1. Return only the number of the condition from (1) in contact with a helix residue (DSSP H, G or I) (Cβ under 6 Å, 6 or more places away or on another chain); (2) without any contact (Cβ under 8 Å) to a residue 40 or more places away in the chain that Ala201 does not satisfy.
2. Report the residue count in region 8-35 for those that are out of contact with any Pro (no Cβ under 9 Å at 6 or more places or on another chain), at pLDDT below 55, surrounded by 11 or more Cβ atoms within 10 Å (Cβ to Cβ) and over 21 Å from Thr237 (Cα atoms).
3. Applying the selection to region 155-197, what residues are in a helix (DSSP H, G or I) and either within 22 Å of Gly239 (Cα to Cα) or touching a residue at least 40 places away in the same chain (Cβ under 8 Å) (or both)?
4. What residue, of Thr70, Thr125, is outside any helix (DSSP H, G or I) and under 28 Å from Gly296 (Cα atoms)?
5. Under the condition of being of a type in the set (Gly, Ala, Ser) and in contact with a Gly (Cβ under 8 Å, 6 or more places away or on another chain), which residue from region 306-344 is farthest from Ala269 (Cα to Cα)?
6. Which ones in region 42-65 are over 17 Å from Phe30 (Cβ atoms) and among the charged types (D, E, K, R)?
7. Among the residues in region 321-340, are any in a strand (DSSP E or B), crowded, with 20+ Cβ neighbours inside 10 Å, out of contact with any Phe, Trp or Tyr (no Cβ under 7 Å at 6 or more places or on another chain) and among the hydrophobic types (A, V, I, L, M, F, W, C)?
Amino acid sequence: MKKGLLWVLLALCTLTGCQKAPEPVEATTFAMDTVMDFTLYGDWDRERAKEVRDWMLERLGWLDGKLSATKEGSDVGQINRAGGESVEVGTPTAELLSQSLELCEVTGGALDITAYPAVKAWGFTQEEHRVPAPDELEALAQSIDYSAVRLEGDTVTLPEGMELDLGAVAKGYAGDVLAETVRASDIPSALLDLGQSTIMAVGTKPGGAPWRIGVVDPAQPGSYFAVVELEDMAMGTSGGYQRYFEQDGETYWHILDPDTAAPARSGLASVTVVSPSAFLCDGLSTALFVMGLEEGAQLWRDHPELEFEAIFVTEKGEIYRTAGLEDRFSLAEGYEGREVVVLE
């Protein structure tokens, strides 16, 4: 299996010219099954900044322990092992579940947080891959149904035989929580790389210029085909190139269609979402990949209240972007001649 480069984070001195930046406070950690990098900038008391960084790492670890489907004693793990009994969970878990169920409904189930048995059946949890038989996939698909989850306050009830997985939204949720911590600490500038294609930009780059983030070319994961400018915004990408395996000449990726319990075949190679919310970037990029170009574009038109923009790349290499990215999107060097269709 290849994983490729999930993000190309453009350095402070690239694309916009160099300027002297204040020395940052940095951190690298492994959480939510991925490597995360945090960089904080500002004119500050460095000891105080390090305290903020350490608190962020502590909070992230705590959230990981609550939201993971695999960690012993997590809220999600307890729900999955409850055998249909009700489970009381922590407030962050209940909050994320509530937001996730709403997004599942808005996307018509293209995002479904009860697909965990199917994810396991394909071997993506332990990287022990296999192709389930058609009858097995049919049974798995019948058990995927977010509407069966009951959430009342901090109490969750899941029918016996079903399992939750918040992996499609947990990193984004954590990014929103950590970004609020940064802002509340009066840190004016930060880049939170949450791994696996989710990033949160707090404020602007030191000096006031927008952050410039590369969008990975799904046909060449080691390069980027476009650049998006971010100011106090998040960006997330879902693509078949990120996690996959090959068997008998066929490629199977980790983004599953809840209707089939099999890898989504929507004609898309990747979807990038830009939004003030990293949670929305995480969840919507997955849902739009499953929905495909036409349905995904219609969702954008029908739900302006979600406040997101999107970039679609088809398996044929066609590029589409929503109109709201007009002043923030540009093709990267070497891709200037590519046609970009603007969705209105």
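The values are calculated or read from the model by the stated rules, or taken from the named source; none is laboratory data. These numbers come from a predicted model, not from an experiment. Methodologically, a virtual Cβ is constructed for each residue, glycine included, from the backbone with ideal geometry; neighbour enumeration extends over all protein chains shown.
1. (1)
2. Within region 8-35, the first condition is being out of contact with any Pro (no Cβ under 9 Å at 6 or more places or on another chain), and the residues that meet it are 8-11, 13-15, 17-18, 23, 25-35.
Remaining after also requiring at pLDDT below 55: 8-11, 13-15, 17-18.
In the following step, the residues that additionally are surrounded by 11 or more Cβ atoms within 10 Å (Cβ to Cβ) were identified as 8-10, 13-15.
Still in the running and over 21 Å from Thr237 (Cα atoms): 13-15.
Count: 3.
3. Step one: of region 155-197, the residues in a helix (DSSP H, G or I) are 170-184.
Of everything in region 155-197, those that are in a helix (DSSP H, G or I) and either within 22 Å of Gly239 (Cα to Cα) or touching a residue at least 40 places away in the same chain (Cβ under 8 Å) (or both) turn out to be Ala170, Lys171, Gly172, Tyr173, Ala174, Gly175, Asp176, Val177, Leu178, Ala179, Thr181, Val182.
4. The unique qualifying residue is Thr125.
5. From region 306-344, those of a type in the set (Gly, Ala, Ser) are 310, 317, 323-324, 330, 332, 334, 337; that's our starting set.
From what's left, in contact with a Gly (Cβ under 8 Å, 6 or more places away or on another chain): 310, 332.
Working: Ala310: 13, Ala332: 18 Å.
Within region 306-344, the match that is farthest from Ala269 (Cα to Cα) is Ala332.
6. From region 42-65, those over 17 Å from Phe30 (Cβ atoms) are 42-52, 55; that's our starting set.
Those that are over 17 Å from Phe30 (Cβ atoms) and among the charged types (D, E, K, R): Asp43, Asp45, Arg46, Glu47, Arg48, Lys50, Glu51.
7. We begin by selecting, within region 321-340, every residue in a strand (DSSP E or B); these are 321-322, 329-331, 340.
Now narrow it down to the ones that are crowded, with 20+ Cβ neighbours inside 10 Å: 321-322, 329.
After this cut, where a residue has to be out of contact with any Phe, Trp or Tyr (no Cβ under 7 Å at 6 or more places or on another chain) as well, the list is 329.
From what is left, the residues that are among the hydrophobic types (A, V, I, L, M, F, W, C) are 329.
Within region 321-340 (the criterion being in a strand (DSSP E or B), crowded, with 20+ Cβ neighbours inside 10 Å, out of contact with any Phe, Trp or Tyr (no Cβ under 7 Å at 6 or more places or on another chain) and among the hydrophobic types (A, V, I, L, M, F, W, C)), the answer is yes, since at least one residue qualifies.
One line per residue, one yes/no per condition, for (1) under 17 Å from Glu180 (Cβ atoms); (2) out of contact with any Pro (no Cβ under 6 Å at 6 or more places or on another chain); (3) touching a residue at least 40 places away in the same chain (Cβ under 8 Å):
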site: Tyr41; (1), (2), (3): no, no, yes
site: Arg46; (1), (2), (3): no, yes, no
site: Glu51; (1), (2), (3): yes, yes, no
site: Gly65; (1), (2), (3): no, yes, no
site: Ala69; (1), (2), (3): no, yes, yes
site: Ser74; (1), (2), (3): no, yes, no
site: Gly77; (1), (2), (3): no, yes, no
site: Gly83; (1), (2), (3): no, yes, yes
